[in-house]
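The structure appears below as structure tokens.
The values are calculated or read from the model by the stated rules, or taken from the named source; none is laboratory data. Predicted model, so just to flag it, every value in this text is computed and none were measured. Methodologically, a virtual Cβ is constructed for each residue, glycine included, from the backbone with ideal geometry; neighbour enumeration extends over all protein chains shown. Accessible surface areas use protein heavy atoms only, side chains included; no ligands, DNA or RNA. Shrake-Rupley method; radii C 1.70, N 1.55, O 1.52, S 1.80 Å.
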Amino acid sequence: MAKNYTKIINSLPSSVPFVGPETQERLLDKQFDSRIGANESVFGPSPKALKVIKDEASSLWMYGDPENFDLKIEIAKKHNIKSENIVVGEGIDGLLGYLVRMLVEPNDNVVTTDGSYPTFNYHVNGYAGLLKKIPFKEDFEDLASLSSFSKKLRPKIVYVSNPNNPMGTFNNKNEIQAFINEVPDDTIICLDEAYADFVPDDELIDINVNQENLVRMRTFSKAYGLAGARIGYGIGHENLIKNFDKIRNHFGMNRISQFAAIESLKDHNHLKDVISRVKNSLKKIEVIAIKNNCKFVKSSTNFLAIDCGYDGLFAKKVLDNLISNGIFVRMPFTSPENRCIRVSAGTDEDINLFEERFPKALKQAKDFFNY
Ligand SMILES: Cc1ncc(COP(=O)(O)O)c(C=O)c1O
């Protein structure tokens, strides 16, 4: 048995980076009343994107353009770069897989933050890379340690998510630039900017496609509200981007997703509106946290980490209570970050439900632990 599988496959555990809310609903045998756990956008896609999705439905008999030509032109306009500096893929998740495949051979070192976005680690494990993890420093990614570790280990990739998931913290552009300057040239810096749309442009480092060891990842899953359409892109030096074309799944992009992304990029008003609705929603969640004597971590994303006041076991109990009461939320995996639960921005209805059920979840957890 299992004779024909690769050594890597045989060595891997049967795990997934995240258990989906649908899986949990099947286990609970009921649907969530509020889905505020996966940092999706409850505010949905642009009406322009929705229109093209409907209008183009009958063209689905055709494959999508394997070059993502028109979409790359729109992305290039947004960032004032050339199409040669852009790779489009099946979400950042898909692109992370390609990046690791391009660079990591068994036992190669890769550096990341312990407890940061786990899908990256999942891909590294899938190619038998060796993950070296730096702990968070007071809920922030510790850029100084990430760069000094990179100098020492000369890893194939150093991964940073900024703003960060799961804590929502943001390392400012001076810190990021200093980090980039410190990392050795032979290490590729993967700067995952899934939540960059929630940060004012002038607070992000300038786009610099001349740096050969930097790739920045963006997505349509968050502010653009197209998580289910699976569209992400990487920005980088032409030489780095060219290598994606050697291995990416050329027909991996859904034709309708390509059109939807193009229309989304043209709808600046919708993007602005979503960003302001997310900010309002997070403010309401902050107020709920305070009302329940909980602290929160200031967020630069579309979610808020609420500090439940005790350890990971306590926060897990709160989370479980919320889940069994119809509210889908998630929490960080590592200590001490796992003292928090992570709540995504929601509609007023979502937030009202959370406001009603969070105190009960806290109380049940306190009763359970006798606090
Ligand atoms: C830091 C980070 N990177 C990537 C992703 C996934 O992005 P995509 O939907 O484009 O695969 C997420 C989603 O939660 C994320 O938090």
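If you check Glu203 against the conditions, is it surrounded by fewer than 23 Cβ atoms within 10 Å (Cβ to Cβ), out of contact with any Pro (no Cβ under 9 Å at 6 or more places or on another chain), free of Cβ contacts under 8 Å to residues at least 40 places away in the same chain and more than 23 Å from Lys272 (Cβ to Cβ)? Criteria not met by Glu203.
Does Asp29 satisfy being open to solvent by 60 Å² or more (accessible area, probe 1.4 Å) and touching a residue at least 24 places away in the same chain (Cβ under 8 Å)?
For Asp29, the condition - open to solvent by 60 Å² or more (accessible area, probe 1.4 Å) and touching a residue at least 24 places away in the same chain (Cβ under 8 Å) - is not met.
When each of Ile157, Ile176, Ile188 is tested for being assigned by TED's automatic domain parsing to the domain that holds Gly91, β-branched (Val, Ile, Thr) and more than 19 Å from Leu96 (Cα to Cα), the lone residue that passes is Ile176. In the stretch 1-40, of all residues being in a loop (DSSP other than H, G, I, E, B) and basic (Lys, Arg), the one that is nearest to Arg330 (Cα to Cα) corresponds to Lys30. Out of the stretch 9-40, which residues are of a type in the set (Ser, Thr, Tyr) and more than 16 Å from Ser344 (Cβ to Cβ)? Correct list: Ser11, Ser14, Ser15, Thr23. Counting only strands (runs of 3 or more DSSP E) that sit completely within the stretch 282-371, those holding 1 or more residues that are surrounded by fewer than 24 Cβ atoms within 10 Å (Cβ to Cβ), within 20 Å of the chain's Cα centre (by Cα) and not small (Gly, Ala, Ser) correspond to 295-297. Of all residues in the stretch 107-122, those that are part of a strand (DSSP E or B) and within 12 Å of the ligand (Cβ to nearest atom) total 2.
Considering only residues that are assigned to a loop (DSSP other than H, G, I, E, B) and either over 13 Å from Gly97 (Cα atoms) or away from the ligand (no atom under 15 Å from the Cβ) (or both), look in the stretch 228-251 and name the one that is most open to solvent (accessible area, probe 1.4 Å). The qualifying residue most open to solvent (accessible area, probe 1.4 Å) is Phe251. The residue that is nearest to Phe198 (Cα to Cα), among those in the stretch 44-90 that are among the aromatic types (Phe, Trp, Tyr) and either within 16 Å of the ligand (Cβ to nearest atom) or in a helix (DSSP H, G or I) (or both), is Phe69.
If the condition is being in contact with a strand residue (DSSP E or B) (Cβ under 9 Å, 6 or more places away or on another chain) and either more than 14 Å from the ligand (Cβ to nearest atom) or free of Cβ contacts under 8 Å to residues at least 40 places away in the same chain (or both), then the stretch 91-105 contributes Gly97, Met102, Leu103, Val104. The number of residues in the stretch 67-90 being touching a Gly at 6+ places or on another chain (Cβ under 8 Å) and without any contact (Cβ under 8 Å) to a residue 24 or more places away in the chain comes to 0. Among residues of the stretch 173-196 being open to solvent by 30 Å² or more (accessible area, probe 1.4 Å) and in contact with a helix residue (DSSP H, G or I) (Cβ under 7 Å, 6 or more places away or on another chain), the one that is farthest from Val110 (Cα to Cα) is Lys173.
When the test is whether a residue is open to solvent by 10 Å² or more (accessible area, probe 1.4 Å) and either in the same structural domain as Phe314 (by TED's automatic domain parsing) or within 16 Å of the ligand (Cβ to nearest atom) (or both), Leu265 passes it.
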